Amino acid sequence: MINPQMVMYEEEFNQIQTVVDRLVRDANAKVVFIVDKNGQLIAASGDIDNVDTTSLASLTAGNIAATGGMAKLLKENEFATQFHEGEKANIHIQLVGNRVILVVIFDSRSSLGLVRLRVKKASEELNLIFESLLKKVQEPGADSPFAEITDDDIDNLFND
Amino acid sequence: MSFINYMAREINCKLVYYGPGLCGKTTNLQYIYERTNPEAKGKMISLATETERTLFFDFLPLSLGEIRGFKTRFHLYTVPGQVFYDASRKLILKGVDGVIFVADSQIERTEANLESVENLRTNLAEQGYSLDKLPYVVQYNKRDLPNVASVEELRGMLNPTNIPDFEAVARTGVGVFDTLKAVAKLVLTELKKNG
């Protein structure tokens, strides 16, 4: 495998959640979430009961992948920031450390300027957290819950 | 690349349905969507053209149940099958944990099947994956049509390494869940091996 497996531990999850929770408040955002580049939702905060975060996560990753593809054709490294303006809702998408995607959904109670400012600070913090997480995952002996599963466990999952 | 979340006690894996245009990838997902309990599935998203050809991808999140206290979730994707959407196909393969190749059994689609499986191999290789090492199953779809090649012929062309393969009629659901279960099982077995 070329990519190390994405693993989330409690310690780092709590750190990430703290950053995301704060970003909702500081940026006056409706929803903030973090997705990995494969579309897996990592953390979310704000008014998440009223949005389908799983679908948004997959579409965001698709969007970033498509934009990344365009960047490559133009010999750009990456388009790290995207902004979509709607009538009521706006979406700000930021690539963090070329690894995860930070999405902020906001309305007229906030502004693009404020969101950009707060996203910048949050990105720096998130980058550090994900760097240390990645190191931890790559350490030898990092245990996986799947090392001990048996063939029976897998079979049982498929017994209707 | 699966994602293990210790905090949420979840394991997330990505499966991709690959194959030539109109072979029935989206139909597989639609059938799975229709036949799954509401609590085990999320919304199905189809990014398609006005004529319902897949433009970018279809997406369907599924929960399969728990293993040792970990919820297993599978994200199902299809690629656009039409030849000229190759750039999109490459993107969707990123981070894939398992592949289902859906072949169109009709004799006149023989070339298209071969071209697509070759394209799959090339696109995976570009990202450092090898089809021979990835959890991978083949589905021979449209078995109900009159002008189909025999399974032996299809197997000879598309499955020389004898991986799990299934006959299917995705429209009515024949073989759809068998195919999905087989690849999901291979993905989990792979995780066990690497764990």
Amide H to amide H under 5 Å from B:ILE67: which residues, 5+ apart in sequence or cross-chain, H placed 1.01 Å off N in plane? B:THR72
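If exposed means no more than 10 neighbouring beta carbons inside 10 Å and the site is in a DSSP loop, what's the longest run of chain B without any exposed GluC sites (Glu not before Pro)? Numbers along the way, then the final one.
Working: sites that count: B:GLU50, B:GLU52.
The answer is B:53-195.
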At a Förster distance of 35 Å, what's the computed FRET efficiency of A:SER111 paired with B:GLU39, Cβ-Cβ distance as r, to 0.05? 0.35
I'd like the distance separating the alpha-carbon centroids of the range B:46-116 and the range A:83-152, in whole Å. 25 Å
Please report the relative contact order for the range A:10-157, taking Cα pairs under 8 Å with a sequence separation of at least 6, and give it as a percent rounded to a whole number. 24 percent
Here the FRET efficiency for B:LEU47 versus B:ASP144, based on Cβ atoms and R0 = 45 Å and rounded to 0.05, is 0.95
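Under a Cβ-only charge scheme (Lys and Arg +1, Asp and Glu -1), can you give me the dipole magnitude of the range A:1-81 about the Cα centre, in debye to the nearest 20? Mind showing how you got there, number by number?
Working: 6 positive and 11 negative charges, 77 e Å.
That gives a dipole near 380 debye.
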Step through the residues of the range A:123-131 one at a time and calculate ³J(HN,Hα) from phi using the Karplus curve (6.51 cos²θ - 1.76 cosθ + 1.60, θ = phi - 60°), rounding each to whole Hz and writing x for Gly and Pro. 4, 4, 5, 5, 4, 5, 5, 5, 5
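Length gain on complete extension for the stretch A:LEU74 to A:LYS121, per 0.36 nm per residue less the alpha carbon to alpha carbon distance? Walk me through the numbers on the way to the answer.
Numbers: separation 47, 0.36 × 47 = 16.92 nm, distance 2.84 nm.
Gain on extension, A:LEU74 to A:LYS121, equals 14.1 nm.
Summing +1 for each Lys or Arg and -1 for each Asp or Glu, what net charge is found among the other residues whose Cβ lies under 12 Å from the Cβ of B:THR27? Walk me through the intermediate numbers first.
Numbers: positive: B:LYS25, B:LYS142, B:ARG171; negative: B:GLU34, B:GLU52, B:ASP58, B:ASP104.
Neighbour charge sum, excluding B:THR27 itself: -1.
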Calc'd 3J(HN,Hα), the range B:43-49, phi into Karplus 6.51 cos²θ - 1.76 cosθ + 1.60 (θ = phi - 60°), Hz, glycine/Pro = x, comes to 6, 8, 10, 10, 9, 10, 7
Cross-link candidates for A:LYS121: which lysines have Cα within less than 20 Å, leaving aside residues fewer than 8 places away along the same chain? A:LYS30
For a 18 Å ceiling on Cα separation, which of these pairs sit above it: B:LYS25/B:LYS192; B:LYS41/B:LYS71; B:LYS133/B:LYS192; B:LYS14/B:LYS192? B:LYS25/B:LYS192
Let me check against my output: what whole-number percent is the relative contact order of the range B:94-159, with C-alpha pairs under 8 Å and at least 6 apart? 49 percent
Counting Lys and Arg as +1 and Asp and Glu as -1, each charge on the Cβ, what is the dipole of the range B:3-194 about the Cα centre in debye, to the nearest 20? 840 debye
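Given contacts defined as C-alpha pairs under 8 Å and at least six residues apart, what's the relative contact order of chain B, whole-number percent? Please report the intermediate quantities before stating the final value.
Working: 367 pairs, mean separation 44.9, N = 195.
Taking the mean separation of contacting Cα pairs over the length of chain B, I get 23 percent.
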Provide the per-residue ³J(HN,Hα) series for the range B:59-72, in order, calculated from phi with Karplus coefficients 6.51, -1.76, 1.60 and θ = phi - 60°, each as a whole number of Hz, with x at glycine and proline positions. 9, 9, x, 10, 9, 9, x, 10, 10, 6, x, 9, 5, 9
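FYI, it's all coordinate maths here, none of it is from the lab. What you are looking at is a predicted structure, and each value in this text was computed from that prediction instead of being measured. Heads up, the Cβs are rebuilt from the backbone with ideal geometry, glycines too, and the neighbour counts pull from every protein chain shown.
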